[in-house]
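The values are calculated or read from the model by the stated rules, or taken from the named source; none is laboratory data. Since we're looking at a predicted model, the values are computed, not measured. As a convention, Cβ positions derive from the backbone with ideal geometry for all residues, glycine included, and neighbour counts pool all protein chains shown. Heavy atoms of the whole protein, side chains included, go into the accessibility calculation; ligands, DNA and RNA do not. Shrake-Rupley method; radii C 1.70, N 1.55, O 1.52, S 1.80 Å.
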Amino acid sequence: MKQPPPDLPDVFDPRVHAAGPPHDAFRTLRDRAPVAWQEERAVLGWPAGPGFWAVTRHADVVRVLKDAGTYSSWLGATQIRDPDPADLPFIRRMMLNQDPPGHGRLRRLASRAFTPGRIARFEATARARARALLAAALEAGGETDLVRAVTDDYALLNLTDLLGVPAGDRGLLHAWTERVIAYQDPDESAVLGADGKPADPRSPAMLAEMFGYAQELAAHKREHPADDLMTALATTELADAELEMFFFLLTVAGNDTVRAAAPGGVLALCGHPDEQRRLLRGEVGADTAVDELLRVHPPVLSFRRTAARDTELAGVRIAEGDKVVVFHVSANHDERVFPDPHRIDLARRPNPHVSFGDGPHVCLGAHFARLQLRVFHEELREACGGVELTGPPRRLVSNFVNGVKSLPVRLREP
């Protein structure tokens, strides 16, 4: 049985990430064991697992993400915890959990819906929304929880507009996202299965309501087409099961990427007031600033692959069937690639961060996410003369999503 060296840090336990990414632990792993065995202990009501290889250096993370033939998304899906074997065929329907060539077919179909023109037309809507939300926060006195008052609504309403979800149904998307993303967090009410144990939020039973809604919405879009993603997807040759999984992927990933990155970027700026002033004064472009903020606060912490064959990575022998987990947040702070990685430089170039992944699974909605984040920071610059923390942030307890649950701030007048 594989055993981790006793003096190497644990980066599996979701509680380790509750105060922010454990950068000291990641640096230790990058320096001493860039491919390190990690135990999956029973934690937060979830059973123990077989363990996995943690990959923490940028070059190795990129190698894993680009080599789908060796490091498979299909064999065991893409979450650290193993799914129930009975659920694995169901989970494999999602594009995220497939390998080429099947993955490529689904991605090509989806990319027809995610056209640059559709996203560009959406910019004016996103800008008006950011402006209105920030104005309301300032009118209320400027002291606010930025997550509750601005960024949660900004991300969710943008996504539902792009998808074409009716206004009255937006709360459903929020609830479904919480169920999937926040399942590790003790503050969230766990959904228990018939055996009294926490239910896997990716299981067919837990997704049945969302999938039923997706089919109803698709049928409506076929009869009443509009300029939105669900109309585009509903009129392709996607099978019903594939359409359902696309709706799941877009609902969860499309919402939570911006939902995590927007307040995370502001939190980073609050810790670097000189860089914040450069951005607010227009001394750096919003595009490069967004990429640097994504680097230091990636919305996703990790993704899992499974070794399809015996292989070697960074001098470590990996056996067929082993879990291999890449840590994006560690790769983004690798001193071998990013000089002075814990210093924010909003004009940093080049900036080869892996916050949106790499290889065949690079984020399909990255352009949409960058647009929203750029617009948000441009409107923040116009609306206020600075942002400062008024209390400690509250973070999501998760080893997957780098979420911010609460961000108490003061928005200063221009």
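Numbers for the structure displayed
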{"item": "Evaluation of PRO201 against (1) more than 25 Å from LEU109 (Cβ to Cβ); (2) free of Cβ contacts under 8 Å to residues at least 40 places away in the same chain; (3) open to solvent by 20 Å² or more (accessible area, probe 1.4 Å) (one fails), failing number", "result": "(3)"}
{"item": "Residue tally, condition of a type in the set (A, V, I, L, M, F, W, C) and closer than 10 Å to VAL324 by Cα, over the stretch 62-82", "result": "2"}
{"item": "Members of the stretch 112-136 that are at pLDDT below 90 and open to solvent by 50 Å² or more (accessible area, probe 1.4 Å)", "result": "ARG112, PRO116, ALA120, ARG121"}
{"item": "Criterion violated by THR306 - all others in (1) in contact with a helix residue (DSSP H, G or I) (Cβ under 9 Å, 6 or more places away or on another chain); (2) modelled with pLDDT of 95 or more satisfied", "result": "(1)"}
{"item": "Residue count for the stretch 96-125, restricted to those that are under 29 Å from THR306 (Cα atoms) and basic (Lys, Arg)", "result": "3"}
{"item": "Residues within the stretch 311-334 that are within 16 Å of PHE26 (Cβ to Cβ) and part of a loop (DSSP other than H, G, I, E, B), tallied", "result": "4"}
{"item": "Options GLY20, GLY69: the member that is more than 27 Å from ARG295 (Cβ to Cβ), among the small types (Gly, Ala, Ser) and touching a residue at least 40 places away in the same chain (Cβ under 8 Å)", "result": "GLY69"}
{"item": "Residue match in the stretch 13-30 (condition: of a type in the set (Phe, Trp, Tyr), modelled with pLDDT under 90 and open to solvent by less than 40 Å² (accessible area, probe 1.4 Å))", "result": "no"}
{"item": "Total residues in the stretch 81-97, condition open to solvent by less than 70 Å² (accessible area, probe 1.4 Å) and not in a loop (DSSP other than H, G, I, E, B)", "result": "6"}
{"item": "Checking GLY49 against (1) touching an Asp or Glu at 6+ places or on another chain (Cβ under 6 Å); (2) crowded, with 22+ Cβ neighbours inside 10 Å, the condition it does not meet", "result": "(2)"}
{"item": "Residues (in contact (Cβ under 8 Å) with a residue 60 or more places away in the chain, in a helix (DSSP H, G or I), over 19 Å from GLU413 (Cβ atoms) and not basic (Lys, Arg)) located in the stretch 265-286", "result": "GLY265, LEU267, ALA268, GLU275, ALA286"}
{"item": "Given (1) open to solvent by 50 Å² or more (accessible area, probe 1.4 Å); (2) within 26 Å of LEU65 (Cβ to Cβ), number of the condition VAL324 does not satisfy", "result": "(1)"}
{"item": "Hits in the stretch 226-260 (condition: open to solvent by 10 Å² or more (accessible area, probe 1.4 Å) and more than 20 Å from GLN215 (Cα to Cα))", "result": "ASP256, THR257, ARG259"}
{"item": "Among residues of the stretch 269-320, those that are open to solvent by less than 20 Å² (accessible area, probe 1.4 Å) and under 19 Å from ALA155 (Cβ atoms), counted", "result": "10"}
{"item": "Test set (1) surrounded by fewer than 21 Cβ atoms within 10 Å (Cβ to Cβ); (2) over 30 Å from LEU250 (Cβ atoms) - ILE344 fails condition number", "result": "(1)"}
{"item": "Some residue of the stretch 65-80 being in a helix (DSSP H, G or I) and modelled with pLDDT of 95 or more", "result": "yes"}
{"item": "Selection status of GLY212, open to solvent by less than 90 Å² (accessible area, probe 1.4 Å), at pLDDT 90 or above, more than 20 Å from ILE119 (Cα to Cα) and not hydrophobic (A, V, I, L, M, F, W, C)", "result": "yes"}
{"item": "Residue satisfying all of: in the stretch 141-167; open to solvent by 10 Å² or more (accessible area, probe 1.4 Å) and under 13 Å from ALA383 (Cβ atoms); farthest from the chain's Cα centre (by Cα) among these", "result": "THR144"}
{"item": "Number of positions in the stretch 52-68 that are over 17 Å from ALA25 (Cβ atoms) and surrounded by 18 or more Cβ atoms within 10 Å (Cβ to Cβ)", "result": "5"}
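Conditions (1) in a strand (DSSP E or B); (2) open to solvent by 50 Å² or more (accessible area, probe 1.4 Å); (3) under 30 Å from PHE114 (Cβ atoms), marked per residue:
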position	(1), (2), (3)
ARG336	no, yes, no
PRO352	no, yes, yes
SER355	no, no, yes
PHE376	no, no, yes
